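The block underneath contains the structure these notes are about, expressed in structure tokens.
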Amino acid sequence: MEYIKHCKQPQSGLNVLSEYGDGDMKLEKLSLLVLKDGESYQANSGTDEVALVILGGKANIQGDGFDFGLCGQRKNVFDGKPYCIYIPHHTNFQVKAVGDVDIAVAYTPSTLDTPAYVIKPDQVIDWAGGKGSYARTSYLVLTEKFPSAHMYIGEAFVEDGRHASFPPHRHEFDRLPNEVKMEEIYFFRYNPKGGYGIQKIYTDDRAIDVTYTVEENDTTLIPRGYHPVIDIPGYTMYYLWVMAGEVNRKFVSVLDPQHKWVVEQK
């Protein structure tokens, strides 16, 4: 089974990056919406809840019972914090580009009845993890503070040859308070363009044990297991991470015991 999807040349409109069932993913799928100035996209969320993470550009976003007006302020993912718009199930919505815009569109199944809402950049939380060669900075976007059936969304930035999601961690079992069971998707970009990284996904029993080169607009699918990444020198790696938990959604995980000693060093 493959746990990576490629999108080398995104086209105008909705680019499907992953579907339910790909990579044994049961709870989430991801698309990339690319619109030129003045173009529109209309859809109904159906049996899913939908999160629109504006990667770059601006758009007017409205739908059944809501009109959020102009959303978005950054030029690209390396230019500040995102807007994130949550659309509940069975809701019509429309995105109209004001200038060129690209948006990550995340889906998870939902029966949660809650109004649509927008998370603005000043509501996004800064978070720093790791140290030294595995330090990274992150934005926590759609957290447990906001209503959602399954989603937990953030963004991570990995500088100049460093590792991230390290020591390797997993969120594979519901064992509160130390671990929750959550699938995860990573979506990658680089500054400057042309960079690449390495993604490894493996389980304790090595039923999954794969290593991929990840490039611009690649998507990796993490149904379970540990999932460290490495950036090459000279580039900044960005990845959008979308987690989905069937029972719980929390930012907790368990480290691989073989490598846990690294973080325990003084």
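Tell me whether region 247-255 contains one or more residues that are of a type in the set (Gly, Ala, Ser) and at pLDDT below 95.
Yes; the residues of region 247-255 include at least one that is of a type in the set (Gly, Ala, Ser) and at pLDDT below 95.
Looking only at region 99-127, which residues are in a loop (DSSP other than H, G, I, E, B) and either of a type outside the set (A, V, I, L, M, F, W, C) or at pLDDT below 95 (or both)?
GLY99, ASP100, SER110, THR111, ASP113, THR114, PRO115, LYS120
Going through region 247-266 one residue at a time, which ones are within 21 Å of ILE208 (Cα to Cα) and touching a residue at least 12 places away in the same chain (Cβ under 8 Å)?
SER253, VAL254, LEU255, ASP256, HIS259, LYS260
LYS96 is checked against (1) of a type in the set (Lys, Arg); (2) assigned to a loop (DSSP other than H, G, I, E, B); (3) surrounded by 15 or more Cβ atoms within 10 Å (Cβ to Cβ) and fails just one. What number does that condition carry?
(2)
Scan (1) under 28 Å from GLU49 (Cα atoms); (2) of a type in the set (Lys, Arg); (3) in a strand (DSSP E or B) for the single condition LYS250 breaks and write down its number.
Answer for LYS250: the failing condition is (3).
If a residue must be more than 20 Å from the chain's Cα centre (by Cα) and part of a strand (DSSP E or B), how many such residues does region 36-58 contain?
Residues meeting the conditions: 5.
How many residues does region 61-92 contain that are over 24 Å from ASN217 (Cα atoms) and either more than 21 Å from the chain's Cα centre (by Cα) or crowded, with 23+ Cβ neighbours inside 10 Å (or both)?
13
The values are calculated or read from the model by the stated rules, or taken from the named source; none is laboratory data. None of these values were measured; they are calculated from a predicted model. Neighbour counts run over all protein chains shown; Cβ positions are idealised from the backbone, glycine included.
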